[in-house]
Amino acid sequence: MKKLKSVIALILLGLLFVNLLMAQTTTTTTSTSKKSKTVRVSADYVEPKSDVIYYKGRIFVNIEEDKVSVKTSEMYVKKVNDKWKIVDIPAKAEFSFDGGSAVADKMTYDLDNRTGTLTNTTVTIIDSKSNEKITIIADTINFDLDNDKYSGTKKGGVNITKGDITAVADKFEYDKKKGELTLIGAVVINDSKKGIKMTASDAVIYTEKNDMKANNVSIELKVE
């Protein structure tokens, strides 16, 4: 009887150790049509199920193949068609990616396509044409890391800063590879270096030299 109790105690101790280990670090692998990748997660608490894994506490995510990392306090990783695909973060997240970073109240990330959405966010991106930082404050930003494309909106206007330029618009689209920043709706642009303040219905800023074109324009020039 004593021997049986000892065996049961050892089994329970082993299960406890496994649970603690899973809460500290978990590895999830996803296979995509493009390539396989490994999602490495450490957390204070983990609750794995067949189609979703729930994490809570001090969470750190690293996806080396995507050059992506996230810090947060609550997260779900969900299966779609029997494949780990969607990362859903309903809490504040610090998101780092190749050439930029963001802080958001919540975010989603598609492991297959390297796409996602940031909510109530401030994003900083290093522009590849000018090497200047572009800072964007928006209610929602959709991103596509494979194609280096970003777009978003904000009630009252998206706020954008790039060097000497500040801009506000209802909506923006940014193509990092082309070096084109498109502003749409109630556009206001201030270029302190050129001494220009401009309002327009829409505008495009070519980020390498900050050249612009716009429609339905009103311009103020500062002449010294």
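The values are calculated or read from the model by the stated rules, or taken from the named source; none is laboratory data. If you're wondering where the values come from, they're calculated on a predicted model, not measured in any experiment. Don't worry about glycine lacking a Cβ; one is built from the backbone with ideal geometry, like all the others, and counts go over all protein chains shown. Each accessible area value is taken on the protein alone, full model and side chains, heavy atoms only, with ligands, DNA and RNA left out. Shrake-Rupley method; radii C 1.70, N 1.55, O 1.52, S 1.80 Å.
Between a residue in region 160-172 that is polar (S, T, N, Q) and any residue that is part of a strand (DSSP E or B), which pairs come within a Cβ distance under 6 Å, given they are 6 or more apart or on different chains?
Every condition considered, the pairs that remain are Thr161/Thr135; Thr166/Asn190.
Scan region 176-185 for residues that are surrounded by fewer than 16 Cβ atoms within 10 Å (Cβ to Cβ) and at positive phi and jot them down.
Gly185
Quick check on region 200-224: of everything there that is over 18 Å from Gly185 (Cα atoms) and among the polar types (S, T, N, Q), which residue is farthest from the chain's Cα centre (by Cα)?
Asn210
Being more than 20 Å from the chain's Cα centre (by Cα) and crowded, with 19+ Cβ neighbours inside 10 Å: is that true of Ile196 here? Explain how you work it out, then say what you get.
Details: more than 20 Å from the chain's Cα centre (by Cα): yes; crowded, with 19+ Cβ neighbours inside 10 Å: no.
Against the criterion (more than 20 Å from the chain's Cα centre (by Cα) and crowded, with 19+ Cβ neighbours inside 10 Å), Ile196 does not qualify.
Can you work out which of the residues in region 84-100 that are part of a strand (DSSP E or B) and of a type in the set (A, V, I, L, M) is farthest from the chain's Cα centre (by Cα)? Give the derivation first.
Step one: list which residues in region 84-100 are part of a strand (DSSP E or B), which gives 84-89, 93-97, 100.
If we keep only those that are of a type in the set (A, V, I, L, M) as well, we get 86-87, 89, 93.
On the way: Ile86: 13, Val87: 11, Ile89: 11, Ala93: 9 Å.
So, considering only residues that are part of a strand (DSSP E or B) and of a type in the set (A, V, I, L, M), the one farthest from the chain's Cα centre (by Cα) is Ile86.
Scan Glu173, Glu224 and give me the residue that is open to solvent by 60 Å² or more (accessible area, probe 1.4 Å), over 19 Å from Ile136 (Cα atoms) and of a type in the set (D, E, K, R).
Working: Glu173 fails: over 19 Å from Ile136 (Cα atoms).
Answer to the check: Glu224.
Wholly within region 25-83, which strands (runs of 3 or more DSSP E) include no fewer than the required count, namely at least 2 residues that are modelled with pLDDT of 95 or more, charged (D, E, K, R) and open to solvent by 20 Å² or more (accessible area, probe 1.4 Å)? If you could, list the steps in order and put the result at the bottom.
Numbers: elements: 26-31, 36-42, 45-48, 52-63, 68-80.
Correct list: 52-63, 68-80.
Could you check region 199-221 and list, in sequence order, the residues that are open to solvent by 70 Å² or more (accessible area, probe 1.4 Å) and of a type outside the set (A, V, I, L, M)? If you could, list the steps in order and put the result at the bottom.
Our first condition is that a residue be open to solvent by 70 Å² or more (accessible area, probe 1.4 Å); within region 199-221, this holds for 206, 208-209, 211, 213, 215-216, 219-221.
Tyr206, Glu208, Lys209, Asp211, Lys213, Asn215, Asn216, Glu220 - these are the residues of region 199-221 that are open to solvent by 70 Å² or more (accessible area, probe 1.4 Å) and of a type outside the set (A, V, I, L, M).
Among the strands (runs of 3 or more DSSP E) confined wholly to region 138-224, which include 1 or more residues that are over 25 Å from Lys67 (Cα atoms), of a type in the set (Ser, Thr, Tyr) and modelled with pLDDT of 95 or more? Before you say what the answer is, go through the steps one by one.
Values: elements: 149-162, 165-175, 180-191, 196-206, 211-215, 218-221.
Filter on region 138-224 gives 149-162, 165-175, 180-191, 196-206, 218-221.
Answer with yes or no whether Val103 is open to solvent by 20 Å² or more (accessible area, probe 1.4 Å), in a strand (DSSP E or B) and of a type in the set (A, V, I, L, M, F, W, C). Give the steps one after another, and end with the answer.
Working: open to solvent by 20 Å² or more (accessible area, probe 1.4 Å): yes; in a strand (DSSP E or B): yes; of a type in the set (A, V, I, L, M, F, W, C): yes.
Spelling it out, Val103 is indeed open to solvent by 20 Å² or more (accessible area, probe 1.4 Å), in a strand (DSSP E or B) and of a type in the set (A, V, I, L, M, F, W, C).
I'm told Lys129 meets every condition in (1) without any contact (Cβ under 8 Å) to a residue 12 or more places away in the chain; (2) not in a strand (DSSP E or B) except one. Can you identify the failing condition by its number?
Here Lys129 meets the rest and fails (1).
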